[in-house]
Each structure stands twice: as C-alpha cells, then as structure tokens.
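Reviewing the structure listed below.
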Amino acid sequence: MADSLKGKRVAILVTDGFEQVELTGPKEALENAGATAEIVSSSNGEVTGWNHTTPATKFHVDKTFDSIRMEDYDAVLLPGGVVNSDTIRTDEMAQALVRDAARANKTIAVICHGAWLLASAGLVKGKKMTSWPSLTDDLKNAGAQWVDEQVVVDGHLISSRKPDDIPAFSEALVKALAA
C-alpha cells in the first residue's frame, strides 16, 4: 500500500492552534501511502500545532491559501483545534477553497473542531457527519445530521470526532483517495 496514493495531492488547511496530532497522524498515513500532503495556511512561514491547550511544534507552511487552486489537489484535510478552527472558519480564502473542493467533488476530510469551517462555508446542510461533541448544535443548526460515530463517510465528506479516532479516520481517508 506504500504507493497506493502515488500522484495524489492533499491540501491540509490550518492556522496557528491546530490540534497537532490531527495533522501529523493523517499526514503520516497519507505520505506512507504515497500521497503528497502540503500544509497550507493564511501566510508564509510557520504554524504552531497545539497539544490540546498547550502550544507545541512549529510546522513549515508549504503554500498559502491565496497561492493554491483546488483543481491541483485530490483532497482537503481540515484538522481541528479550537484556536485554529475559530480563526480559519472566518477566513474568506479558506471558505472559498473548501467550497471549490465541494463543487469539484474532491474528498474533504474533517476532524474535531475542523467542521466549523464547513459550517461557516455553508457546506454541511443535508450531510451526515460527526465532530467534537460541542459542535453538535452548530452543525445541526447549519442543517447537518450529526451522529456520534468514530468516522462518518457521506459521499465525498469524511468526518471524525477526536484524536482517539485518528487511526480509523486516516484509514477512511486513504481508502477514499485510493478508490
């Protein structure tokens, strides 16, 4: 399976304060399967991952929101983290990128609080999905059918709840891109 995703490209959209393992776990699984996974943010330089409420490792930003086109990618990954998700959900470029991905039927993989961006972009109405439990009302109010499951796949949308779900989430993402 080391080359099952050879030639596939995934944009990982984050800002400072993303939950570090929600980026590193899926990114490692994608790269181990042969995909290229790029960290994309609002500005060049570095973004800081967090371990729950504590700042952790800095990561190099490969590209910026305004420098990419979703047509060049096969999927978008949205890690959570409260600080990241609260910031990115109001970023117009990030919203435009996920809307472009949805229009083009690209795989959109979201974990934990990352679902806030999809709600703000108007992309959850009629979707069956999961998230961190505190987003339940937000997603239901935006028209989603929220369920408490480890991983939910609804068409091109893959959603998951929390860091404990990363192995199943990563497996679903790799499987979707290999199809």
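Read-outs: derived from the displayed coordinates by stated rules, not from any lab. Worth saying up front: this structure is predicted, and the values here are computed from it rather than measured. Neighbour counts run over all protein chains shown; Cβ positions are idealised from the backbone, glycine included.
Just the number, please: percent antiparallel of the DSSP beta bridges in region 1-78, rounded to the nearest 5.
In region 1-78, approximately 30 percent of DSSP beta bridges are antiparallel ones.
Enumerate the calculated ³J(HN,Hα) couplings along region 163-175 in order (Karplus 6.51 cos²θ - 1.76 cosθ + 1.60, θ = phi - 60°), each rounded to whole Hz, writing x wherever the residue is Gly or Pro.
Karplus-based 3J(HN,Hα) across region 163-175 equals x, 4, 8, 4, x, 5, 4, 5, 4, 5, 5, 4, 4 Hz.
Nearest 5 percent is fine: what portion of the DSSP beta bridges confined to region 21-121 is antiparallel? It would help to have the intermediate numbers written out before the result.
Numbers: 5 of 11 bridges.
The antiparallel proportion sits near 45 percent.
Round to the nearest 0.05 the FRET efficiency obtained for residue 71 and residue 149 when R0 = 35 Å and r is the Cβ-Cβ distance. Can you show the working numbers first?
Details: r = 31 Å, r/R0 = 0.89.
The calculated FRET efficiency here is 0.65.
Quick check on the chain: helices-only [θ] at 222 nm, where DSSP H runs of length 4 and up contribute -39,500 (n - 2.57) each and the sum goes over total residues. Nearest 500, please.
About -9000 deg cm²/dmol.
Relative to the compact-globule scaling 2.2 N^0.38 Å, provide the ratio for the alpha-carbon radius of gyration of region 136-179. Walk me through the numbers on the way to the answer.
On the way: Rg = 11.3 Å, N = 44, 2.2 N^0.38 = 9.3 Å.
Against the compact-globule rule of thumb, the ratio is 1.22.
List the residues, sorted by chain then number, that are 5 or more residues from residue 130 or on another chain and whose placed amide H is less than 5 Å from its amide H.
Correct list: 147, 152, 159, 160.
Antiparallel as a % of all DSSP beta bridges within the chain, to the nearest 5?
Numbers: 9 of 31 bridges.
Here the share of antiparallel DSSP bridges comes out near 30 percent.
For the ranges 140-149, 25-34, what's the packing order if you count other beta-carbon atoms within 10 Å of each residue, average per peptide, and put the highest first?
For the peptides 140-149, 25-34, the packing ranking is 25-34, 140-149.
Normalised by the number of residues in the chain, what is the relative contact order in percent for Cα pairs under 8 Å and 6+ residues apart?
21 percent
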